[in-house]
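See below for the structure under consideration.
The values are calculated or read from the model by the stated rules, or taken from the named source; none is laboratory data. Given the structure is predicted, the values throughout are model-derived calculations rather than measurements. Note: ideal-geometry Cβ built from the backbone for every residue, glycine included; neighbour counts use all protein chains shown. What goes into the accessible areas is simple: the full protein's heavy atoms, side chains included, and nothing from ligands, DNA or RNA. Shrake-Rupley method; radii C 1.70, N 1.55, O 1.52, S 1.80 Å.
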Amino acid sequence: MGETTGFQLGVIGALALSVASSVSIVICNKALMSFLGFPFATTLTSWHLMVTFCTLHVANRFNVFENKPIDMKTVMLFGILNGVSIGFLNLSLGFNSIGFYQMTKLAIIPFTVLLETIFLKKQFSQKIRLSLLVLLLGVGIASITDLQLNLVGSVLSVLAIATTCVGQILTNTIQKRLNVSSTQLLYQSAPFQAAILFVSGPLVDQFLTKQNVFAYKYSPVVLAFIILSCLISVSVNFSTFLVIGKTSPVTYQVLGHLKTCLVLAFGYTLLHDPFTERNIIGILVAIFGMGLYSYFCTHENKKKQLSDLLPQSAQIKEKETTPLLGAKIMGLQDKDSHEVKKSNGLMNKDSIV
C-alpha cells in the first residue's frame, strides 16, 4: 500500500513539474521569438539539450544519480530519432499553416494508440478512446483556426507524427525493459540529440527564416532570455522522460494538450493575445475530456490492481489450507494403520489361544 501511494505521488509530482516547466518555457520562448526577434527555434533546442547534458554530467560527478551503461547502438539511434523528430516538427510548422500544424500535433495521440495496439498489443478500452476523442475535439476547437494543405507540408507532418510517436514509445519501452531511470536515459541520449540538432539546426532555421543564426546580433536582453530558456529546458527535458517512463506516451500527449490550453489562457492574461468564445468553449471541452481520461485511467488501474491481487490471495489461501488438509489426511492414514495393527494383533492373539 505504501509503495502504491509513493508511486502515485511520484506520478503527480512528475506531471506537475512537466506542466509548470513546459508552460514557463513556452512563455519565455514566445517572448524571445515574438518580442525580441530571435526566430531560431531548432538551434535553440540544440542549446537546450547541450545545457541539459552538461547539467546532468555535473550531477553525475557529484553522485546525484548513478550512471547505468546502456547499449551504445540503442542510445545512439534513440537520440538521433528524437533529434530528427524535433527537426520534422519545426519544418512542419514552417511549411504548413498554424491550423494544420495543430492538426499534426493532435494526430500524434491516435497514431500512438494505433502503434501500441498493433506492435505492443496494448488494449485501450472504449471509455478511454471516447475520452481521448472529447479531448482532441476540445483542443481542435480551441487552437485550430485555418487549414491550408500542401504536398511538402503534408509529407513533413506525416514524418513528424511517425518519428515523434516512435520516439515517445521507445522512451517508455527502453526505461521499462532495460530497467533504467529517466535521468539515466536522458543523460546518455542527450548528446546525440544535441549533436544532430546542432548540425542541422542552423540549416533548418536559415531555410525557414532566411536568416543566419551566427550573423544575428545578440543583445544582453536576448542573451538573458536564451540563458533562462536553457535553464528551464533542463526541467522540461527531465520531466518529459520522467512522465513517459512513469505513465505512457498517450498520457504524456494528453498532458501536452493541457499545456496547450494553459498556454492559450496565459497568453491572453499575460501577453494579451486575442481570445474568443470559441477558445473558451474549446478549452472547457478539452478539460472535460482530460477529466474523463484521468477518471477512466484511475478506475481501470484500480481494477487491474484488484485483479492482480486476487490470484495472490488465492495462492496464500491455498498455502494456508494445504497443511491442514495434509495433516487431516495423515491423521486419517495413521488412524487406519492403527486400526489395521489392532486388528492384526487380535488375530494373532486368537491364533495363540
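Output the number of residues of the range 57-77 satisfying the condition of being touching a helix residue (DSSP H, G or I) at 6+ places or on another chain (Cβ under 9 Å), more than 15 Å from Ala190 (Cα to Cα) and of a type outside the set (Val, Ile, Thr).
Number satisfying all stated conditions: 2.
For the range 112-131, check the following and say yes or no: at least one residue is crowded, with 19+ Cβ neighbours inside 10 Å, in a helix (DSSP H, G or I), more than 19 Å from the chain's Cα centre (by Cα) and at pLDDT 90 or above. Steps first, answer last, please.
Within the range 112-131, the subset crowded, with 19+ Cβ neighbours inside 10 Å is 112-113, 116, 131.
Still in the running and in a helix (DSSP H, G or I): 112-113, 116, 131.
With the extra rule that they be more than 19 Å from the chain's Cα centre (by Cα), the set shrinks to none.
There is no residue in the range 112-131 that is crowded, with 19+ Cβ neighbours inside 10 Å, in a helix (DSSP H, G or I), more than 19 Å from the chain's Cα centre (by Cα) and at pLDDT 90 or above.
Of these, Phe35, Phe62, Phe88, Phe95, which one is open to solvent by 30 Å² or more (accessible area, probe 1.4 Å), more than 23 Å from Val180 (Cα to Cα) and without any contact (Cβ under 8 Å) to a residue 60 or more places away in the chain? Give the steps one after another, and end with the answer.
Details: Phe62 fails: more than 23 Å from Val180 (Cα to Cα); Phe88 fails: without any contact (Cβ under 8 Å) to a residue 60 or more places away in the chain; Phe95 fails: without any contact (Cβ under 8 Å) to a residue 60 or more places away in the chain.
Every option except Phe35 fails the conditions.
In the range 164-179, which residue that is hydroxyl-bearing (Ser, Thr, Tyr) and crowded, with 20+ Cβ neighbours inside 10 Å is nearest to Thr112 (Cα to Cα)? If you could, list the steps in order and put the result at the bottom.
The initial filter retains those residues of the range 164-179 that are hydroxyl-bearing (Ser, Thr, Tyr), namely 164, 171, 173.
Imposing the further condition that a residue be crowded, with 20+ Cβ neighbours inside 10 Å reduces the set to 164, 171.
Details: Thr164: 9, Thr171: 13 Å.
Top of the filtered list is Thr164.
Examine the range 180-197 for a residue that is under 22 Å from Thr42 (Cα atoms), surrounded by fewer than 21 Cβ atoms within 10 Å (Cβ to Cβ) and without any contact (Cβ under 8 Å) to a residue 60 or more places away in the chain, and state whether such a residue exists.
No, the range 180-197 has no match at all.
Kindly list, by first and then second residue, each pair from a residue in the range 113-142 that is without any contact (Cβ under 8 Å) to a residue 24 or more places away in the chain to a residue that is open to solvent by less than 70 Å² (accessible area, probe 1.4 Å) and outside any helix (DSSP H, G or I), limited to pairs with Cβ atoms under 8 Å and residues at least 6 apart or on different chains.
Correct list of pairs: Thr117/Phe124.
Just a yes or no: is a residue in the range 73-83 among the aromatic types (Phe, Trp, Tyr) and not in a helix (DSSP H, G or I)? Working first, answer last.
If we filter the range 73-83 for residues that are among the aromatic types (Phe, Trp, Tyr), which is where we start, we get 78.
Now restrict to residues that are not in a helix (DSSP H, G or I): none.
Checking the range 73-83: not a single residue is among the aromatic types (Phe, Trp, Tyr) and not in a helix (DSSP H, G or I).
Could you say whether any residue in the range 243-254 is of a type in the set (Val, Ile, Thr), more than 26 Å from Cys54 (Cα to Cα) and part of a loop (DSSP other than H, G, I, E, B)?
First, pick out the residues of the range 243-254 that are of a type in the set (Val, Ile, Thr): 243-244, 247, 250-251, 254.
Next, only the ones that are more than 26 Å from Cys54 (Cα to Cα) stay: 247, 250-251, 254.
Adding the requirement that they be part of a loop (DSSP other than H, G, I, E, B) leaves 247.
Taking every residue of the range 243-254 in turn, at least one turns out to be of a type in the set (Val, Ile, Thr), more than 26 Å from Cys54 (Cα to Cα) and part of a loop (DSSP other than H, G, I, E, B).
Take the residues in the range 241-253 that are crowded, with 23+ Cβ neighbours inside 10 Å and of a type in the set (Val, Ile, Thr), then tell me which one is nearest to Lys176 (Cα to Cα). Reasoning before the result, please.
Start the filter on the range 241-253 by keeping residues that are crowded, with 23+ Cβ neighbours inside 10 Å, which leaves 241-244, 249-250, 252-253.
Going one step further and asking which of them are of a type in the set (Val, Ile, Thr), we end up with 243-244, 250.
Working: Val243: 13, Ile244: 11, Val250: 16 Å.
In this case the residue turns out to be Ile244.
Does the range 298-308 contain at least one residue that is at pLDDT below 75 and either surrounded by fewer than 15 Cβ atoms within 10 Å (Cβ to Cβ) or among the aliphatic types (A, V, I, L, M) (or both)?
Yes, the range 298-308 has at least one match.
How many residues are more than 24 Å from Thr52 (Cα to Cα) and either open to solvent by 60 Å² or more (accessible area, probe 1.4 Å) or in contact with a strand residue (DSSP E or B) (Cβ under 7 Å, 6 or more places away or on another chain) (or both) when one looks only at the range 209-234?
5
I'm checking my understanding of the structure. Among residues of the range 71-85 that are open to solvent by less than 40 Å² (accessible area, probe 1.4 Å) and either over 16 Å from Gln193 (Cβ atoms) or not hydrophobic (A, V, I, L, M, F, W, C) (or both), which one is nearest to the chain's Cα centre (by Cα)?
Out of the qualifying residues, it is Asn82.
Quickly run through the range 156-171 and pick out the residues that are touching a residue at least 60 places away in the same chain (Cβ under 8 Å), within 15 Å of Phe111 (Cβ to Cβ) and within 20 Å of the chain's Cα centre (by Cα).
Leu159, Ala160, Thr163, Thr164, Cys165, Val166, Gly167, Gln168, Ile169, Leu170
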